[in-house]
Amino acid sequence: MNSTQTEVKTQSISITINGQVVQRTVSDDLALVDFLQEDLGLTGTKLCCGIGVCKACTVAVKQNPTSLSQPILACSTPAVLLNGQNITTIEGIGGGQGIGGGPTAPQKISPVQQAFLDHFAFQCGYCTPGFVMATTMLIERLRGAPVSIEALDAAIANAVGQHICRCTGYARYYRAIRAVIMSEPGLVVGAWQAESKHKGKQSGKHKGKNTDNDRSAHEDMKGAKK
Ligand code: FES
Ligand code: FES
C-alpha cells in the first residue's frame, strides 16, 4: 500500500432485521441506510437530507427483545454500531421481512399505514416511512404508558414534530396519527368520553351543512405545522 491509500477497516456484524438474522462483513463507515438498501435490497428506508435533520430515514431499534423500540437515523448511523441489535424497518411494519423481496416481502399494511391512506396524509410519500416508524413507536410507548386526552397532541408532536415533509402534509399526518391512536382502546385515558363530546359538538356545528374533512377540528392542533 502506498502513502495515498487509506486502509478500509471492516467488521463482521450480526443484526436481526425484521425478525431475520443477517450476518455480513462491512466497512466501519458504511451507513445503515446504505447497508439496508445496497446489501439487503431494503429500499423502503429513505435517504433524504443525509445529515440527520429530516428524519425520513428513521428505523426502530431494540437493544433486547423486552426493551422499547428507539428511533435511529439510518443515514448517520454506521451499520457496525447496530451489531447484535434488533432493527425493524418499514418493510417489517406489516409483518414481513422484506429482505431479498419475493416471499418475504410485507404481506399486509399496518393500521398506521392504513390511517395514512385513509386520511390522504402524504403526497410524494418520500417522508412517509419515517412518519410510519415514528408513529408506530409512539403507539408502542402508549401501550405501556397511556396519556391523558389533554396530553395526546403534545405526545404526537413530540414523536413526529421533528420530521420534515417537503410536501407540507403536516395537518393530515397529525389527523391520521390522532385517529389511529384513538381507534385503539387503552392508549388514551378518557378517550371515549372526549370523542363522544367532540362528536356531539361536531354534529351540532355541521347540522344542515356538508362536512368538510379538510377543516376538521383537529387541524388547529397544538404543535401541528401547516
Ligand atoms: S435522511 Fe436521515 S435524517 Fe434526513
Ligand atoms: S409527502 Fe412528500 S415529502 Fe412528505
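The values are calculated or read from the model by the stated rules, or taken from the named source; none is laboratory data. Predicted model, so just to flag it, every value in this text is computed and none were measured. Glycine also receives a Cβ, built like all others from the backbone with ideal geometry; neighbour counts cover every protein chain displayed.
Among the numbered conditions (1) among the polar types (S, T, N, Q); (2) in contact with a Gly (Cβ under 9 Å, 6 or more places away or on another chain); (3) at pLDDT 80 or above; (4) surrounded by fewer than 23 Cβ atoms within 10 Å (Cβ to Cβ), tell me where Gln97 comes up short. The failed condition is (3). Against the conditions (1) surrounded by 14 or more Cβ atoms within 10 Å (Cβ to Cβ); (2) away from ligand 1 (no atom under 16 Å from the Cβ); (3) part of a loop (DSSP other than H, G, I, E, B), Arg24 satisfies every one except (3). Taken over region 27-63, the criterion of being basic (Lys, Arg), touching a strand residue (DSSP E or B) at 6+ places or on another chain (Cβ under 6 Å) and within 16 Å of ligand 1 (Cβ to nearest atom) is satisfied by no residue.
In region 118-130 there is at least one residue that is within 13 Å of ligand 1 (Cβ to nearest atom), of a type in the set (Gly, Ala, Ser) and modelled with pLDDT of 95 or more.
Just checking: which of the helices (runs of 4 or more DSSP H) contained wholly in region 34-153 hold 3 or more residues that are within 16 Å of ligand 2 (Cβ to nearest atom)?
The helices (runs of 4 or more DSSP H) meeting that bar are 111-118, 128-144.
With respect to (1) out of contact with any helix residue (DSSP H, G or I) (no Cβ under 8 Å at 6 or more places or on another chain); (2) of a type in the set (A, V, I, L, M, F, W, C); (3) surrounded by fewer than 14 Cβ atoms within 10 Å (Cβ to Cβ), the lone exception for Leu68 is condition (1). Hey, can you tell me all the residues within region 4-21 that are assigned to a strand (DSSP E or B) and crowded, with 19+ Cβ neighbours inside 10 Å? Matches in region 4-21: Ile13, Ile15, Ile17.
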